[in-house]
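See below for the structure under consideration.
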Amino acid sequence: MSNIILHATIIISGRVQGVGLRYMVLNESLKFGLVGYVKNCFDGNVEVEVEGNEEKIEDLIKFIENNPGRSKVTKITKNYSTDLENFTRFEIR
């Protein structure tokens with residue numbers, strides 16, 4: 001397991017707004033010790049900017065892929081970077 005801290009931008013598509021997904025992502029991110037934010041986008045997607053251990057970020061993505069709550073995820077796009085924003089907490093924006 002790598003201890004390298006990465007930044008990930010995750011775009012979630014499908015029926016992902018108005019179904020409580022942001023709150024579930026917040027709770028899971030806190031459980032995994034991740035920092036960053038989750039927000040609704042104007043195009044109907046949900047965006048997650050997250051920093052932490054790559055394995056924990058992948059655990060978060062697996063959680064999202066399983067359509068938590070009433071969500072229906074049809075696509076997840078993720079991009080990793082070593083350029084950190086140095087978030088101090090995880091929040092909903």
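I'd like to check something: does segment 58-68 contain any residue that is surrounded by 19 or more Cβ atoms within 10 Å (Cβ to Cβ), within 13 Å of G14 (Cβ to Cβ), at pLDDT 95 or above and among the β-branched types (V, I, T)?
Checked against the condition, which is being surrounded by 19 or more Cβ atoms within 10 Å (Cβ to Cβ), within 13 Å of G14 (Cβ to Cβ), at pLDDT 95 or above and among the β-branched types (V, I, T), segment 58-68 yields at least one hit.
Scan segment 75-86 for residues that are surrounded by 11 or more Cβ atoms within 10 Å (Cβ to Cβ) and under 18 Å from E58 (Cα atoms) and jot them down.
Selection gives I76, T77, K78, Y80, S81, L84.
Quick check: is even one residue across segment 40-53 among the aromatic types (F, W, Y) and free of Cβ contacts under 8 Å to residues at least 40 places away in the same chain?
yes
Yes/no per residue for (1) β-branched (V, I, T); (2) crowded, with 17+ Cβ neighbours inside 10 Å; (3) in a strand (DSSP E or B); (4) modelled with pLDDT under 95:
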{"position": "S2", "(1), (2), (3), (4)": "no, no, no, yes"}
{"position": "H7", "(1), (2), (3), (4)": "no, yes, yes, no"}
{"position": "I12", "(1), (2), (3), (4)": "yes, yes, yes, no"}
{"position": "V19", "(1), (2), (3), (4)": "yes, yes, no, no"}
{"position": "R22", "(1), (2), (3), (4)": "no, yes, no, no"}
{"position": "E28", "(1), (2), (3), (4)": "no, yes, no, no"}
{"position": "Y37", "(1), (2), (3), (4)": "no, yes, yes, no"}
{"position": "F42", "(1), (2), (3), (4)": "no, no, no, no"}
{"position": "G52", "(1), (2), (3), (4)": "no, yes, yes, no"}
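The values are calculated or read from the model by the stated rules, or taken from the named source; none is laboratory data. Computed from a predicted model, the values in this text were never measured in an experiment. No Cβ is skipped: glycine too gets one built from the backbone with ideal geometry, and neighbour counts run over all protein chains shown.
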